[in-house]
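J.: Have a look at this one.
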Amino acid sequence: MNFNQLIVPARVLANAKADSRKRALEVLSELLSKDQPDLSQAEVMQGLVSRERLGSTAIGGGIAVPHGRAAGITQVIGALIRLNEPVDYGAEDNVPVDLMFAILVPLECTDAHAQLVSQITLRLSDPEVRRCLRGAKTSKALYACFTEDVNHARDMQVGLRA
């Protein structure tokens, strides 16, 4: 999967401030609706919260992959945040969440998006990717850690710090 088709730099935020699961979902909702003229932040939030009511989307290790459906979009879109401080997310391993990748799919989308969630979960489960994401100082570096080769992204971070 080419993750560059799913997220754009404008929907990635390092050092996001949120003191609860709800506030973290609001931040993601704001990012997801930002460049979607036919989609409101409230609609996105409703889609994410509806899914969360079925059970926590925390996958363990401080990571959550909230996802939902929304009218007003024609393709799957995603957003990525790293929180300044981890929040309790009801994870089975009881580890607070600091990395979140949200996915929003069109209402008419089939269950094929479940494969996408699996691919994102697999990417976020890679220890090198997690290390890179947690070490990213900027949103640009966070984007690179997720969408590019981890070694290239790490080299970029070193260049950003210099």
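J.: Under 10 Å, Cα contacts only: if you run a Gaussian network model on the chain, which one of 87, 12, 44 comes out with the highest mean-square fluctuation?
T.: Highest fluctuation among the options: 87.
J.: Enumerate the aspartates and glutamates that residue 140 could reach by cross-link, defined here as Cα to Cα under 12 Å, with residues fewer than 8 away along the same chain left out.
T.: Within the straight-line cut-off, residue 140 pairs with 148.
J.: Residues with amide H under 5 Å of residue 89's amide H, sequence separation 5 or more or different chain, H placed in the peptide plane at 1.01 Å from N; which?
T.: 97
J.: At a threshold of 8 angstrom on Cα-Cα distance, excluding pairs fewer than six apart, so keeping six or more, what relative contact order does the chain reach in percent?
T.: Taking the mean separation of contacting Cα pairs over the length of the chain, I get 25 percent.
J.: Over region 20-134, consider all pairs of different Cα atoms and compute the Kirkwood hydrodynamic radius from their mean reciprocal separation; express it in Å, one decimal.
T.: Mean inverse Cα-Cα distance, inverted, gives 14.1 Å.
J.: Continuing with the same structure: Checking the cross-link filter: which aspartates and glutamates have an alpha carbon closer than 12 Å to that of residue 22, excluding same-chain neighbours under 8 positions apart?
T.: List returned: 52, 88.
J.: Please list, by residue number, every one of the trypsin sites (Lys or Arg not before Pro) in region 48-120 that is coil in DSSP and has at most 10 other beta-carbon atoms within 10 Å.
T.: Sites meeting the loop and neighbour criteria: 53.
J.: Pick out which of 38, 98, 19 has the largest mean-square fluctuation in a Gaussian network model of the chain, springs linking Cα atoms closer than 10 Å.
T.: Per the Cα network of the chain with a 10 Å cutoff, 38 tops the list.
J.: Shape verdict for region 1-42, please, from the Cα gyration tensor: rounded (a/c under 1.5), prolate (a/b greater than b/c) or oblate.
T.: Taking the square roots of the gyration eigenvalues as a ≥ b ≥ c, region 1-42 is oblate.
J.: On to the next question. Indicate, rounded to the nearest 5 percent, the antiparallel portion of the DSSP beta bridges found entirely in region 1-125.
T.: Within region 1-125, antiparallel bridges account for around 50 percent of the total.
J.: List the aspartates and glutamates whose Cα sits under 15 Å from the Cα of residue 137, skipping any in the same chain fewer than 8 residues away.
T.: Those aspartates and glutamates meeting the cut-off are 85, 98, 155.
J.: Can you compute the radius of gyration and Dmax for region 11-73, using only the Cα atoms, both in Å?
T.: 11.6, 35
J.: Quick one: 3J(HN,Hα) in Hz for region 17-25, Karplus 6.51/-1.76/1.60 with θ = phi - 60°, rounded, Gly and Pro as x.
T.: Coupling constants for region 17-25: 9, 7, 10, 7, 4, 4, 5, 5, 5 Hz.
J.: Please compute the alpha carbon radius of gyration of region 69-133, then divide it by the globular-protein estimate 2.2 N^0.38 Å. Two decimals is fine.
T.: Ratio of Rg to 2.2 N^0.38 Å for region 69-133: 1.27.
J.: Right, something else. In region 23-68, which GluC sites (Glu not before Pro) are in a loop and have at most 11 other Cβ atoms within 10 Å, using DSSP for the loop call?
T.: none
None of the figures in this text is laboratory data; all of them are computed from the coordinates on show. Keep in mind the model is a prediction, meaning the values are calculated, not measured. Quick reminder, even Gly has a Cβ in these numbers, built from the backbone with ideal geometry, and neighbours come from all protein chains shown.
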